[in-house]
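Working notes, structure below.
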């Protein structure tokens, strides 16, 4: 990581973000550039899964914020495409083992593992995408989002970015999940491994997630359980003007763990008639 040790980079970034060092300091610039280069290469991540859940590396998000501050706008080119921005697109895709279909764009500071396929979609700085994942046409992976391995983000999926505040958890899509067309997932929601979201499910931090597989509904927020099968729903809510339907997500079943992912996914889509 440049000539600075990771611990030194972290300390300089935190000090600069909290105003204890000037952004004009050459050492600050070197530390921020080193941090984002490490992000781009997958040597550090915005968030990592631990035994206690997803841990946010706050200082890495601080480095991204500072990176925007120290960079100026400049003309950029990627093949025949021209841009005017602060952050370039990723390069050396062939060497990285990443397939990118024009005009798909992954921004510098995002990391895509070898074997990732990016159709004409977009991956923002700070995002991490695991191998074998398909980012389908016009799907977007927002800043700092963490997408696991063998995930399918169908056409038009919107994975929201969570850059600020730095301590806030990003959106997380764990290994093997299937996200149907036009789903929107924002505000640090976690979709656990091998879950299946039908088309047009919208998940925010406050969206009720209602498990209707038992004799009584069970409502939670912010997390889709592993292997859950989810479709969009509506629940009644009282307002001063009357009772109106508000969006929710309905857990209608579970994907079997006894078969491989592909077989289990196909069976789920048929059994529950889930639109994707």
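Cα gyration tensor of the chain, axes a ≥ b ≥ c as square roots of the eigenvalues: rounded (a/c below 1.5), prolate (a/b > b/c) or oblate? Cα axes put the chain in the prolate bin. Take each peptide in 5-16, 36-47, 180-191, 85-96, count the other Cβ atoms within 10 Å of every residue, and average; sorted highest first, the result is 180-191, 36-47, 5-16, 85-96. Each Cα pair under 8 Å and six or more residues apart adds its sequence gap; the mean of these over the residue count of the chain is a relative contact order of 10 percent. Angle of helix 58-70 to the longest C-alpha principal axis of the chain, folded into 0 to 90 degrees and rounded to 10: 60°.
Helix-only arithmetic for the chain: the sum of -39500 (n - 2.57) across DSSP H runs with n ≥ 4, divided by the residue total, places the mean residue ellipticity at 222 nm at -6000 deg cm²/dmol.
Can you classify segment 1-106 as rounded, prolate or oblate using the Cα gyration tensor, where a ≥ b ≥ c are the square roots of its eigenvalues, rounded means a/c under 1.5, and otherwise it's prolate if a/b beats b/c and oblate if not? Mind showing how you got there, number by number?
On the way: a/c = 2.17, a/b = 1.30, b/c = 1.66.
The shape class here is oblate.
Relative contact order for segment 112-261: 15 percent, from Cα pairs under 8 Å spaced at least 6 residues apart, divided by residue count. Using only Cα atoms, locate the centre of segment 26-72 and the centre of segment 114-160, then give the distance between them in Å, rounded to an integer. Rounded to whole Å, the Cα centres lie 19 Å apart. Taking a ≥ b ≥ c as the square roots of the eigenvalues of the Cα gyration tensor, an a/c ratio of 1.5 or more together with a/b no larger than b/c marks segment 46-97 as oblate. Taking the DSSP bridge list for the chain and keeping only pairs wholly inside it, about 40 percent are antiparallel. Considering only alpha-carbon pairs that sit under 8 angstrom and 6 or more positions apart, the relative contact order computed for segment 149-217 is 29 percent. Taking the 0 to 90 degree range and rounding to the nearest ten, how far is the long axis of helix 6-17 tilted relative to the main principal axis of the chain, both from C-alpha atoms? In the chain, helix 6-17 runs at an angle near 90 degrees to the longest axis.
Where a number appears in this text, it was derived from the coordinates with a stated rule and is not lab data. The shown structure was predicted, so the numbers you read here are calculated from the model rather than taken from an experiment. Here the Cβ is made from the backbone with ideal geometry for all residues, glycine too, and neighbour counts use every protein chain on show.
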